[in-house]
Amino acid sequence: MNRINAPRGTRDIVYPEITAWQILEERIREFYSRFLYREIRTPMFEHSELFQRGIGDATEVVQKEMYTFEDKAGRSLTLRPENTASVVRAAIEGGLFDAVFPLRFFYIGPMFRYDKPQKGRFRQFHQFGVEVFREENPELDAEVVYAAYAFLEELGLKEISLEVNSVGCEECRPAYLKVLQQEARAHQQELCLDCRRKIDTNPLRIFDCKQPGCRAAAATFSTITPHLCRGCADHFAGVRAGLDTYAVPYTVNERMVRGLDYYTRTAFEITSDRLGAQNAILGGGRYNRLVRDLGGPDIAGIGFAAGMERLLLHLEIAPGKDPQICFLACQSADSRADAMKLARQLWRAGYPAYLDYSAANLKKQFRRSDRMNAAFTLVLGTEESASGEVSIKDMVRQEQVRIPQQELLQWLDQRKS
C-alpha cells in the first residue's frame, strides 16, 4: 500500500524543534503583556464572505490563494488566510468594543494560503499579530511600530530594516489611483500579464511585483505622497515624529504598499536581507474602515502580522534544555507495583518520570535511559522492595547511591539544576 505524505506546503513540527516554537510563543506572550494586549483565538475557518468583504475581492489573496469549500449544508467556508478580519468579526459578534478596555489583542496560530512553497513560506503557515481598536492618534501608530521593532530586537534579530509609508484614505486615494492607472496603461507592454490585469482592479499592487520589467516601470510611476489629503499628510507627519521620539530607525518608502485592500493611511514593513527576494518578516498598517465595513461601529484599527517560520529562520533558537528526567527501572515484574507508587510520588511532586513496564533486563533499561537523556535512573529490584529503598544512578556523574524511598524527593530537590 502506498505511503500517504503530508500535503505539499505543509510540514510536521516535532521534538526537539517544537521547543523553539514554544520559546517564541512564550516570549510573544510575555512581551505584549507589557503593553496590555490580551490574547484572542478565532476559528480556523470562517464564512467566505468575511474575507471577500474584509480583504477585498480584487486582492491576490481572495482571487488566487484562499482555501474555500462548501460544507454539507452548502455554505461557503474558507480556511483563514489572515486573522485581522476574524478578530474584527469576533469583536463585533462578542460585543468586545463595549466590554473590553483597552481594545488591544494579540494572536498566535496557523493561516492558510495556496502559494508557492519556498524557504520560510508554506501553504499552512503560522503568524502572530496584534490588533488595536478605537485609538486614531498617530502616536499610537508609532507605538505599535515601536513595539514590533523592539520585540524583534529583543529576540536578537540583526540586519532588520523598517519602512513606512502612507497609502492615503478613501478621500484622497481614488484620485491617485486614476493617475496610477493612466501611467500603468502607458507602460503596459513592460508589465507582466498579471500586472496588466491589476491596472483596472488593483494598480497599487503593481508596486509589489518582483518581475524586473514591472519593477522598472513602477519606479517611474507617481507616488501617493503629493496626492495625500491634509488629514493623511498630517497623520503621517505625526507617525514619523512619534517614531523619532521612540528612537526607531526607519526609511520612508513611497512605493511600499500592502497586499490587502482594507489598509488606510499608515503602512509599514520590517524586512531582512537574509531571506532573499521574499524578505518581509513583519508588516501591517492602519485600517479605519474595516470595522464599519464588516457591520460594526465606525471605529479605527491598526495592527500587523509576522510570519513565525521566517522569524525562527532568523532566530535559530536552540531547543530548550530538557528537565531532569527520572527513569524508573524495574528488575522484575514483582517490583513493578512499588515502582508505580514511586512514579506517582514523582509526578505529583512535579518531577518528569518515565516508568519502564517491560521488565527487560537492566542493561537494556539503562540503554533506554541513555536514549531518553534521563538525569537519574532509579532501580527497584527485589532487595530494594524488601528494604523500602531505591538505588539511584546519576547518569551524568556516573555515581550510584542507595537511599530510603521516603527520602527520594528531598534527595532530588537538593540536586535541581
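Any read-out appearing in this document is the output of simple, stated calculations on the displayed coordinates, not a laboratory observation. Fair warning: this is a prediction, and the values are worked out from it, not measured in the lab. No Cβ is skipped: glycine too gets one built from the backbone with ideal geometry, and neighbour counts run over all protein chains shown.
Arranged by the count of other C-beta atoms within 10 angstrom, fewest first, what order do TRP21, TRP347 take?
If I rank by nearby Cβ atoms, fewest first, I get TRP347, TRP21.
What's the Kirkwood radius of the range 41-148 in Å, using all Cα pairs?
Result for the range 41-148, one decimal place: 15.3 Å.
Using 0.36 nm per residue of separation minus the Cα-Cα distance, give me the extension gain between ALA337 and ARG215 in nm, one decimal.
Fully extending the segment from ALA337 to ARG215 adds 36.7 nm.
Looking at this model, which pairs from LYS363/LYS393; LYS364/LYS416; LYS116/LYS210; LYS178/LYS198; LYS64/LYS210 are more than 20 angstrom apart at the alpha-carbon? Kindly include the intermediate steps, with their values, before the conclusion.
Values: LYS363/LYS393 13 Å; LYS364/LYS416 27 Å; LYS116/LYS210 14 Å; LYS178/LYS198 13 Å; LYS64/LYS210 17 Å.
Too far apart for the 20 Å limit: LYS364/LYS416.
Evaluate E = 1/(1 + (r/R0)^6) for ASP394 and PHE69, where r is the Cβ-Cβ distance and R0 equals 60 Å; express this FRET efficiency to the nearest 0.05.
That gives a FRET efficiency of 0.60.
Once you list every other residue whose beta carbon is under 15 Å from the beta carbon of CYS214, what net charge do they have if Lys and Arg are +1 and Asp and Glu are -1?
+3
At what distance in nm do the modelled label points of GLU309 and ARG11 sit from each other, each positioned 7 Å from its Cα along Cα→Cβ?
0.7 nm
From a point 7 Å beyond the Cα of PHE45 in the direction of its Cβ, which residues of the range 62-83 have a backbone N at a distance under 11 Å?
67-80
Springs between alpha-carbon atoms under 10 Å, Gaussian network over the chain: tell me which of MET111, MET395, MET256 tops the mean-square fluctuations.
Of the options given, MET395 has the highest mean-square fluctuation.
Using the scaling law 2.2 N^0.38 Å as the reference, what is the normalised Cα Rg of the range 1-54?
Its radius of gyration relative to the 2.2 N^0.38 Å reference: 1.73.
Counting other Cβ atoms within 10 Å, which GluC sites (Glu not before Pro) in the range 145-178 have at most 16 and lie in a DSSP loop?
Numbers: sites: GLU153, GLU154, GLU159, GLU163, GLU170, GLU171; in loops: GLU159, GLU170, GLU171.
Here the GluC sites (Glu not before Pro) that fit, given the DSSP loop and packing criteria, are GLU159, GLU170, GLU171.
Evaluate E = 1/(1 + (r/R0)^6) for LEU409 and TYR357, where r is the Cβ-Cβ distance and R0 equals 25 Å; express this FRET efficiency to the nearest 0.05.
That gives a FRET efficiency of 0.65.
In whole Å, what are the Cα extents of the range 326-416 along the three principal axes, biggest one first?
30, 27, 22 Å, listed from the longest principal axis down.
Tell me the mean residue ellipticity at 222 nm calculated for the chain from its helices only (DSSP H runs of n ≥ 4, each -39500 (n - 2.57), averaged over every residue, nearest 500).
Numbers: 15 runs with 150 residues, N = 417.
That comes out to -10500 deg cm²/dmol.
Could you pull out which residues in the range 292-311 have an amide N less than 18 Å from a spot 7 Å beyond the Cα of LYS119, following the Cα-Cβ vector?
307-311
To the nearest 20 debye, what is the magnitude of the charge dipole of the range 326-416 about its Cα centre, counting +1 on the Cβ of each Lys and Arg and -1 on the Cβ of each Asp and Glu?
Charge dipole of the range 326-416: 380 debye, to the nearest 20.
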